[in-house]
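Have a look at the structure below before the remarks.
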Amino acid sequence: MASGQGKRSGAKRGASRKSSSRTSASKRKQSGSRAYRPAEPMDSAIKNEVILIGVFALAVFLFLCNFGIVGVVGDTVSDVMFGLLGIPAYIAPVMLFLAVAFGISNRGNRIATRKLAAALILFVLIGMTCDLTTGAWKEDSLYSVRQIYERCSENHSGGGVLAGTLAFLSFAPFLW
């Protein structure tokens, strides 16, 4: 009885070999033509590592730009960062890398999303504090995005356009 079953399964294997050789031959014909072949999905772990390595390289570049090590291009990038972010531009590259790493490791977690939002709000509040402590807003001050950007970019002080605008809006009612 056992030997009879083996013959049947052997017959099936032989039949499947013939059909599989036919299908592989037809696949070879299709691969030679310009038929659409779906791309293999990249493993999510590898994709996350590539993203982290790229963000780390960007963070190191931005960090070095802040200290004038990169050259003329780095000075321009630094001036733009200080114009937009102000004094918190010194810690922005580190915060960027940590936020991306934290977000990737906690993807889909609502509590982690709230923590990232709280960190962003804290970053803006630090910028507002830096802008208010530099004494940029005086009683005769008028709001101008260009003026805020130039002041923060040239002096590497204040809170930049982002936090400077919010600082002015929170401080303006006390000016009148």
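Divide, for segment 48-145, the radius of gyration over alpha carbons by 2.2 N^0.38 Å, where N is the residue count.
This ratio for segment 48-145 stands at 1.27.
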Next on the checklist: Between Ile53 and His156, what is the label-point separation in nm under the 7 Å Cα-to-beta-carbon projection?
Outcome noted: 3.2 nm
Checklist outcome for this item: Measuring from its Cα centre, segment 45-176 shows a charge dipole (+1 at each Lys and Arg Cβ, -1 at each Asp and Glu Cβ) which, in debye to the nearest 20, is 680 debye
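Read the figures in this text as sums done on the coordinates, not as results from a lab. Worth saying up front: this structure is predicted, and the values here are computed from it rather than measured. Positions of Cβ are backbone-derived with ideal geometry, glycine not excepted, and every protein chain shown enters the neighbour counts.
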